[in-house]
Amino acid sequence: MSPSSIFSGLMKLRRSWLRCKNYRFFSVEGISDYSLRAPHQNFRIALNGRCRARVVNNLGLYDLIKPFVASHLKVFRNFATREKPTITLPPIVTDNPDSIIPSLVDNHIPIEIPPHRIDKPVTIIAGASRGLGFEFTRQILAKHLEGPVFAACRNPDGADNLSSLKGQYPSRLKIRKLDVTDESSVKVVAKEIYESYGRLDLYINTVGILHIPDVLSPERKIDQFEEDQAMLAFKVNAVGPAIVAKHMIPLLKFGQGEGTSRGGAVLAHLSAKVGSIDDNKLGGWYSYRASKAALNQLTRTMGVECLRLKLPIITVLLHPGTVDTDLSKPFSRNVSPDHLFTPTASVAKLLNVIDGLKPEDSAKFFNYDKLELPW
Ligand SMILES: NC(=O)c1ccc[n+]([C@@H]2O[C@H](COP(=O)([O-])OP(=O)(O)OC[C@H]3O[C@@H](n4cnc5c(N)ncnc54)[C@H](OP(=O)(O)O)[C@@H]3O)[C@@H](O)[C@H]2O)c1
């Protein structure tokens, strides 16, 4: 046997070994039985409408994800250096209706496709029954012309505002039950969004309590501080929103800023300037202030995690100004009219901020005019 035929035989062996090795990286999970077992199978895949590639082997997939990685996630180097990053790709749509979810198992790079992904943006507003939450729902339906809008509230049957709005947007407006202190209610809504729409582009949490007659009143002095009231404020204002975020972030991974000038999917928590520790010159309102400071820290931490994992999600905290709602009514007597916003004016300003957010705004605390607030 000549040296050249030995060499070409060895090369053949090496190539087939490489093929097997490469195919070990692929596995197909979830919605289809389709598998990439056959070494010579080619797949035509449209990646979010932006590029087409044939997935022939590991290199093929590398080429496939490169344009997305380069333009969105900038984690190219992780893939190359074989660290163990988590890369979330946007949904991959196959020419074959029998979609596939390939996952680079050995590299711990999951590529996940929700079962049904619509091409219209999906929004959810928590605390939509009244005040700023209702106004967000109304303005988003009017301003963002496409896609379902979930109005989540504790008692959909009693949300008359939302029921009348439903008459105007019968198919787009989805009124759903969600109590931030009841994780099972959050899971039901998150599951519906995942299974029916496969994406979430904007999540706004407006839930918050400052006073509840006979239950909670903001303390003026430390001797009014009561454990059960403080715990309730923390539960609704800080822990609850973190629980909701836990279920929304996995959906926001598949969102974008379509139809707006946003640079990605957005998670926005309504906080309050009184939650700023730096800005606290007046004192009082112990539980409310501290629970909003906790919300700020929790949200900042989520933002840092999203950045670290290269998730294309912009997380922000927003102060709406002093707004004439049930929350502020008992305390707004001394606020001059030009400092007391209507919900319409406040939400218009906040939506302007939200719709212009860019990835570099993530993990920050903004005023309604986009001035960055101190922690
Ligand atoms: N208004 C202001 O001047 C002002 C200033 C700074 C910050 N903020 C913040 O802005 C946000 C919105 O305030 P707002 O003025 O619109 O208040 P609001 O009119 O009192 O509305 C509060 C909303 O929170 C909901 N909520 C309360 N507990 C809940 C729970 N456990 N699960 C789900 N929803 C719950 C309420 O639903 P129900 O109808 O079921 O009670 C209501 O929809 C709050 O986070 C607030 O802290 C407001």
Estimated FRET transfer efficiency (Asp119, Ser184; beta-carbon r; R0 35 Å; 0.05)
0.70
Sorted by Cβ density within 10 Å, fewest first, the residues Met231, Met248, Met302:
Met231, Met302, Met248
In whole Hz, with x marking every Gly and Pro, tabulate ³J(HN,Hα) for the range 265-278 from phi via Karplus 6.51 cos²θ - 1.76 cosθ + 1.60, θ = phi - 60°.
5, 10, 10, 10, 9, 6, 10, 8, 4, 5, x, 6, 5, 4
By Cβ neighbour count within 10 Å, fewest first, Tyr288, Tyr203, Tyr169, Tyr368 rank Tyr169, Tyr368, Tyr288, Tyr203
P(r) of the range 148-223 over all Cα-Cα pairs, binned every 5 Å from zero, in whole percent
3, 12, 19, 21, 18, 10, 7, 6, 3, 2, 0
What's the local net charge at Ser328, with K and R +1, D and E -1, over the other residues with C-beta under 13 Å away?
+2
What net charge is computed for the residues neighbouring Ile204, neighbours being all others with C-beta under 12 Å from the C-beta of Ile204, Lys and Arg scored +1, Asp and Glu -1?
-3
For the residue pair Lys177 and Gln224, what label-to-label distance in nm results when each label sits 7 Å from Cα along the Cα-to-beta-carbon direction?
3.5
Which ³J(HN,Hα) values, rounded to whole Hz and listed in residue order, are derived for the range 330-338 from phi using the Karplus coefficients 6.51, -1.76 and 1.60 in 6.51 cos²θ - 1.76 cosθ + 1.60 with θ = phi - 60°, glycine and proline given as x?
x, 10, 9, 4, 8, 7, 5, x, 6
Full extension from Asn367 to Val215: what is 0.36 nm times the residue separation minus their Cα-Cα distance, to one decimal in nm?
51.8 nm
Cβ neighbours within 10 Å, averaged per peptide: list 264-275, 207-218, 235-246 in order, most packed at the top.
264-275, 235-246, 207-218
Considering the zone a paramagnetic label at Met231 would reach in this model (a point 7 Å from Cα along the Cα-to-Cβ line), which residues of the range 267-299 have amide N under 19 Å from it?
286-292, 294-295
What nm value, rounded to one decimal, do you get for the distance between Lys358 and Leu309 when each label is placed 7 Å out toward the C-beta?
2.5
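Coordinate-derived values only; no laboratory data. Not measured: the values here are computed from a predicted model. Neighbour counts are summed over all protein chains in view; Cβ atoms, including those assigned to glycine, are modelled from backbone coordinates with ideal geometry.
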